[in-house]
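Heads up: the structure comes next, in structure tokens.
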Amino acid sequence: MIVRAVHVYPIKSTQGYEVPAADVEPWGLVHDRRYMVVDEHDTMMTAREHPLLLTCRAEVTGTGLTLTGGHAAPVRVSPTDRVRTVRLRAELMELRDCGDEAAAWLSELLGRPVRLVWQDDPTRRPVDPDYGLPEDRVSLADGYPLLLTSTASLDRLNDWIAEAAVERGEEVPEPLPMHRFRPNVVVDGVETAFAEDGWQRVRIGDLDFRMSKLCARCVLTTIDNTTLAKGKEPIRTLAVHRRWDGKTWFGVNLIPDGEGRIRTGDPVKVL
């Protein structure tokens, strides 16, 4: 098995991009999900409720980001010293505001007042203690430092979708792309679809990871990242084949057991 792709998502719920290699910190890949958009009440906004976030591309440039979108010229933004108390679900945390220019650019994109904030200190946010150790930390990702998926599992899911379409007498849709699931690490060469469900520990290159839990999937996976059209897949099919505990599942969450670097082409070994 090898690493097929590595992805980072600088701003939570906006576009990600593939990188040839990435440094791994205790709380996730460097630059991954360290920024977040909040509304006028300083509450997290995600593409689940605000799909236009998916039209924003953020790339790390120096000490900040360059934001690109179809609504305005690109803009470079950086964190300020101003601290905001924001809400990420039930969590309250102090994050640094990224200034009025970033706020204006994103507010124009989303059609409402918003701010961009940055997590300056990831050591303050622990993972769910039910699935990690007391010292485990996480960025602004939903709950865990990294997400791993496999091409074998996606191929099987797309086969299920196609088979069900034929049974309903519908046209077979185009296969879903992996970016619908927003993974950090995509693994090729897994012999059996969903074999990753049973992994406990895995080595990627020279770095070891613990599998904390499977990843429950939400309606974000049903939004076409290009057209923003909402559909029923993959949740409809996952609900048939991959539903238990009232949720649907695809991918596994990882917690690193050290710091290092992972690369496309790195060997992947189950420990």
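What follows is calculated from the coordinates using simple rules that are stated; it is not laboratory data. Values in this document were obtained by computation on a predicted structure and should not be read as measured data. Because the Cβ atoms are built from the backbone with ideal geometry, glycine has one as well, and the counts that use them run over all protein chains shown.
Take every Cα pair under 8 Å in the chain that's 6+ residues apart, average their separations, divide by the length, and report that relative contact order as a whole percent.
Relative contact order, the chain: 24 percent.
Mean 1/r over all different Cα pairs, inverted: what Kirkwood radius does region 149-219 give, in Å? If you can, show how the numbers build up before the last one.
Working: mean 1/r = 0.0720 Å⁻¹.
Computed over region 149-219, the radius equals 13.9 Å.
Karplus couplings for region 185-202 from phi (6.51 cos²θ - 1.76 cosθ + 1.60, θ = phi - 60°), rounded to Hz, Gly and Pro as x?
The phi angles translate into 10, 10, 10, 10, x, 6, 5, 10, 4, 6, 4, 4, 4, x, 5, 9, 9, 9 Hz.
State, in angstrom, two size descriptors of region 139-190 derived from its alpha carbons: Rg to one decimal place and Dmax to the nearest whole number.
Reported Rg and Dmax, both Å: 13.9, 44.
Taking θ = phi - 60°, what integer Hz values does the Karplus form 6.51 cos²θ - 1.76 cosθ + 1.60 yield along region 80-93, in sequence order, with x for Gly and Pro?
Listing the rounded values in order: 9, 8, 6, 9, 10, 8, 10, 10, 10, 6, 8, 8, 10, 8 Hz.
Could you give me D for region 107-243, from Stokes-Einstein at 37 °C and 0.692 mPa s, where the hydrodynamic radius is the Kirkwood radius over C-alpha pairs? Units µm² s⁻¹, please. Display every interim value, and only then the final one.
Working: Rh = 17.5 Å.
Translational diffusion coefficient: 187 µm²/s.
Under the rule that an exposed site lies in a DSSP loop and has at most 16 other Cβ atoms within 10 Å, name the longest stretch of the chain with no GluC sites (Glu not before Pro) of that kind, not counting the sites themselves.
So the longest stretch without any such site is 50-134.
DSSP loop (so not H, G, I, E, B), at most 15 other Cβ within 10 Å: list which trypsin sites (Lys or Arg not before Pro) in region 34-143 pass both filters.
The qualifying sites are R48, R82, R89.
In region 207-271, which trypsin sites (Lys or Arg not before Pro) are in a loop and have at most 12 other Cβ atoms within 10 Å, using DSSP for the loop call?
Passing both the DSSP loop test and the Cβ count: K232.
Dividing the convex hull volume of the Cα atoms of region 35-118 by its residue count, what figure in Å³ per residue is obtained?
Values: hull volume 7.1 nm³, N = 84.
Taking only Cα atoms, region 35-118 has a hull volume of 84 Å³ per residue.
What aspartates and glutamates could a cross-link reach from K269, if we take a straight Cα to Cα line under 17 Å and drop same-chain neighbours fewer than 8 places away?
Here the aspartates and glutamates satisfying the reach criterion relative to K269 are D188, E191, E196, D197, D206, D208, D257.
Let me have the relative contact order for region 111-204, percent, based on Cα pairs under 8 Å that are six or more residues apart.
Rounded, it is 27 percent for region 111-204.
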